[in-house]
Amino acid sequence: MLRLARAALARPLLVLASLAVATAAVACGLFRLELRTDGAALYPRGDPAVERTRADRRTFLEVDQIVVLATSRPGGPRLDSPAGCRFLLRLQHALARFPGVELAGVRSAVTLIDPPATLRPLRIETFFEEWTRGEANLADVLARMRRLPITGGLFLAADGTAAAFYVPVGYRTTRTALLADLRRFLATRAAAPFLLRLTGPVAAEVDLGEEVVRDLARLVPVMVAVVALLLALTLRTPGGVLIPLAQVVATLLWTLGLMGWAGVPITLVTTVLPVLLMAMAMTDEIYLLERLQDHLAGAPAPPAPVPARARVRLAAERAFADLVAPLVLISLATAAGFFSFLGASMAPLRHLGLFTGIGLLLAMLFTFTLAPALMAALPSSWLERRPPRLAGPSVARPLRPFERLTARRPRAVALAAVGLLAVAAPGLLRLRVEDSWIDNFDPRSPLVTAARRFDDVFWGSYRFDVVCAAGPGYFWTPGAAAMLEELQRWAGRAPHVGGMVSVLPALEAGARALGLPRPLSALPREDMRRVGMLVEILRLRLYLRDLLTIDGDRLRARLLVRHADYGKARQLAAAFAAELPRLARGRPLAVHASGEVPLALAVVAAIVGNQLRSIGWTAVLIAAILLAALRSPRWAAAVMAPVGAATLLLFAGLGCAGVPLGIATSMFAALNLGAGVDFAVQYAYAYRRERRQGLVHAEAVAATLRTAGRGLRWNALVLALGIAVLGLSAIKPNRSLGLLLALAILVSYAATLALLPELLRRAAAPAKKTAARAR
C-alpha cells in the first residue's frame, strides 16, 4: 500500500484521470439501481412462518387490502345516523367503481348480508338494501346488524363514530399505485362531513417505504454539510475538507454503482448504507491529514530552498509511512464487522454487510490512491495550516484534562472504568426484545392516529391466521364444526385477540335458515352436509374465498390483534402453540399459524438474532485480524478490550434504562465493534512507535496522546456527529440506530483512553522481560 501511495504522489494527474474514467464506468450502475421498500424484502430466508404465509396467500387467492377509515368529526353527525348511512352508501359506490380495485369488491357495513331466517322465500340481500328500498327503518336495520358480532368487529363501531372499508388491490395494478390514487381521491373529499383516512398494514408498509426515501433525500445533504463543517473545524484547510469529501463521493459512487450492476436493490435496511459510508469512509483521511500537518509543521528548515509542492510530497510520504499499517488494519477490522452480516438469513442484512464492507475496502483503496494524488496535485497552501506551529507538534501541544488524567493516573482510571462496567452489568439480565411496526412513524401522523383509532374501536388490523388442512368434505362435518366452536371459544380468551373471523357464523346462519338447532357440532352428519351445501351456494355473496378453498380442503380462521407488537405477538404465538395439540387431537387435521403477526414475529426475531450472532462473528474476525497484524495475543486482547467494554456497557445501559432490543438497537453493537476498534489500533501503533524511539512507558503514553491524541479526538467527534445525523430521521429505527451508534463511538473513544495506558503497560511488560533475559 505504501508503494501505491508513493506512485500516486509521483504521478498524481495520471492517477486522477484513471480514477475518473473508472468511476464513470462503475457509476453507470446507478441507473440500474432499484428501490424496493416493501416488507416482503425483509422476510428471512427459509423461515417456516414466511413459507407458510406465502403458500396460504396462494391457496386462498389472497390479495393485498387497504383500509379506508371513516370517522365522525367533533360535533358532527354519527355514521349510524341517516346522514352517516347515506354517506357510507355513496362512499361504497365510489370505491367499488374505483380503478384498480379487485373485482371481488369493497367490503363494508354497506355490503353486510342479512342472514335469511328461512328458505321460503330465500332472499339474500344486504341490510342497507332493505333500508334504501324502504322495507325497514334505519333503527331496525342497525339493531339487527349489531346482533352480528362481525358488524362491531370489522365494519361499524359500536358507538357509531367510525366505519371501515376494506379495499382489495386488483391484479392489474400495484398497491403503491392504488394507494396513491386513493390518497388523491380522499383529498377531493377533505371537506366532507366525515374524516377519511387510510390505514392498515399495507398502507403502513407503503408509507414507511416512501418515508424512507424522503428521509434519505433529506439526510444526505445535511450529512454533507455537517461533515464539511466538522472537517473545516478539525483540519482548518481547504484540502482538509476537499480530500475526505472527494474520497467519500468516490466511495459512494463505486458502492452504489456496484449494487446496481449486481442487481441488488435498495431496501428498508440498506437505506442507511450511504450515511454509514459517508461517516466511516473518511476516518482514514482525518488521521492522515492530521499527520501530514504534523510533519509540515515540525519539519526542520531545509539547507536550501525546496519547492513547496516537493515539501508537501515529502511530508505526505512520511505520513503514509507512519500510518500505513494502522490504516490498513482499521479498514480490514471495520469491513470485517460488516462482513459478519453475511451469515444473516435475511437478504437485506446480507446486502448491507456485503456492500458496506466492500465500500470500506474501496475507501481504503482511495486512501492510498485518490488521497495522495490530490495531496500532490492541490496547491500546497491548501494543505498547510497557517500560522505554522513554532516548536513542532508533539512538544508544544498540551494534553486535554482527560488525556492528562489517563496519562498520569492510568491504573486508577482503568479501575474506575472497570468499576462502572461492574455496576452496570446487572442491566444485561434485564434486556428484552420488543418492536412495533406502527412505532416507526410520527405518532401524530394521520396513518398512526387512524391505526390507533381503528384498533380502539374494531377487533384489530393485524391478523394471526389459523389454517387447517384436511380431506375433501371434512369441513362440512360435525367434527369440523366442533373444532371451529372450540377455536372460537379459545379466541375469546386468547391474549390480545379482539375477535375471530371464520366460516362459523355463515354455517350457523345456514343452519338457522334450514330450521336446524345449534350447536352445529351436535347436528347429524347429513344435516351438517345440507348446511355446507347451502353455504357453498351462497359462497360469492358471503365472501368465503379468504376463509375456505373451492375444493373445501383448506379452511382459515383469522384472529385479529389490537395494537400488535413483538411482545403481544410472542404471547399469542406461545398461547396458540400450547392450544394446538388439544385442537388437533383426534381429528384428521394439519393445523398451522401464518399471517401478518407470525410474519412480523419472524422478521424481528431474525433481525435481532442475526445481529446478536454478528457480534460474536465480528469479535472473532477482528481478533483474528489483530492477532495476525500484531503477532501477540496480549496486544490483540489489549486493543480489543476497550471497544468490547464499551459495547457491554451500552448493552447494560439499555437494560438498566428499560430500552428493549429491536431492529435498530440490536444493530449498533456489531457496527461499533468494527468502527470503535479504530481508536485502540491508532493508539497502540502510535505507542509502539514512541517506544521504538526509546521512551519508557509513561513518556510513550504522553507522547502518543500528543501526536495521535488530536486525530483520535477529532475522529471520534466527526464519526459520532456524522452518524448522529441519523438522529434527525423521521424513521424511528434509523433514528435509534444513529443515536446509539454515535454514543457507542464516543464511549469507545473514552474507553480507549481510559483502559489502554494500563493494558499496554501490561502487554509490553513480557516483551521487556524477554529482551532483558536475551541481554
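For region 39-121, the relative contact order comes to 12 percent (Cα pairs under 8 Å, sequence separation of at least 6). Computed over protein heavy atoms with a 1.4 angstrom probe, the accessible surface ordering of 85, 656, largest first, is 656, 85. The stretch between residue 214 and residue 2 holds 72.1 nm of extra length on full extension. This uses 0.36 nm per residue minus the Cα-Cα distance. Once both axes come from the Cα atoms, what is the angle between helix 596-630 and the longest principal axis of the chain, in degrees from 0 to 90, rounded to 10? Helix 596-630 and the main axis of the chain meet at about 10 degrees. Using the alpha-carbon centroid of each, what span in Å lies between region 591-658 and region 45-93? Between the Cα centre of region 591-658 and that of region 45-93, the gap is 40 Å.
In a DSSP loop and with at most 14 other Cβ atoms within 10 Å, the trypsin sites (Lys or Arg not before Pro) in region 536-600 are 585.
Extension gain, residue 514-residue 613: 0.36 nm per intervening residue step, less the Cα-Cα distance, totals 29.7 nm. Each label was represented as a point 7 Å from its Cα along the Cα-to-Cβ direction; for residue 574 and residue 309 these points are 7.2 nm apart. Each Cα pair under 8 Å and six or more residues apart adds its separation to the average, and for the chain the resulting relative contact order is 19 percent.
What the Cα convex hull of region 470-560 gives, in volume per residue, is 91 Å³. Taking a ≥ b ≥ c as the square roots of the eigenvalues of the alpha-carbon gyration tensor, region 109-217 is classed prolate because a/c is 1.5 or more and a/b outweighs b/c.
Ligands, DNA and RNA left out, the 1.4 Å accessible surface of region 497-553 is 56% carbon and sulfur atoms. Remark: spin-label model distance residue 728-residue 28 equals 3.5 nm, labels positioned 7 Å along the Cα→Cβ axis. Placing unit charges on the Cβ atoms only, positive for Lys and Arg and negative for Asp and Glu, gives region 1-51 a dipole magnitude near 580 debye about its Cα centre. For region 341-482, the Kirkwood hydrodynamic radius comes to 24.9 Å, computed from all pairs of different C-alpha atoms. A simple spin-label model places the labels of residue 382 and residue 177 4.9 nm from each other, with each point 7 Å out along Cα-to-Cβ.
Treating r as the C-beta distance of residue 584 and residue 144 and R0 as 22 Å, the FRET efficiency rounds to 0.05.
By the helix-only formula, in which each DSSP H run with n ≥ 4 contributes -39500 (n - 2.57) and the sum is divided by residues, the chain has a 222 nm mean residue ellipticity of -20500 deg cm²/dmol.
For the chain, DSSP calls about 95 percent of its internal beta bridges antiparallel. In region 652-775, the convex hull through the Cα atoms has an average projected area of 8.9 nm², a quarter of its surface area. From the Kirkwood radius over Cα pairs of region 166-233, Stokes-Einstein at 37 °C and 0.692 mPa s returns a whole-number translational diffusion coefficient of 220 µm²/s. This model, with +1 at the C-beta of Lys and Arg and -1 at the C-beta of Asp and Glu, gives region 1-155 a dipole about its Cα centre of some 660 debye.
Put simply, the Cα atoms of the chain extend 116, 55, 46 Å along their principal axes, the longest span coming first. When each of the peptides 700-711, 184-195 is scored by the mean number of other C-beta atoms lying within 10 Å of its residues, the order from highest to lowest reads 700-711, 184-195. The fraction of all Cα pairs in region 1-89 landing in successive 5 Å bins from 0 to the largest distance is 2, 9, 8, 8, 7, 6, 7, 9, 10, 7, 5, 6, 5, 3, 3, 3, 1, 0, given as whole percents.
Per residue, the solvent-accessible area of the chain (1.4 Å probe, heavy atoms of protein chains only, all protein chains present) comes to 41 Å². On full extension, the segment bounded by residue 21 and residue 118 gains 26.8 nm, given 0.36 nm per residue less the C-alpha separation.
Sorting 476-484, 169-177 by average packing, meaning the other beta carbons within 10 Å per residue, from highest down gives 476-484, 169-177. Within the shell of other residues whose beta carbon sits under 14 angstrom from the beta carbon of residue 641, the net charge comes to +2, with Lys and Arg scored +1 and Asp and Glu -1. Computed packing ranks the peptides 13-22, 281-290, 260-269 as 281-290, 260-269, 13-22, most packed first, by mean other Cβ atoms within 10 Å.
The values are calculated or read from the model by the stated rules, or taken from the named source; none is laboratory data. The structure displayed is predicted, hence computed values, not measured ones. So basically every Cβ, Gly included, is an ideal-geometry build from the backbone, and we count neighbours across all protein chains shown. Remember, those area values only see protein heavy atoms, side chains included, never the ligands or the DNA or RNA. Shrake-Rupley method; radii C 1.70, N 1.55, O 1.52, S 1.80 Å.
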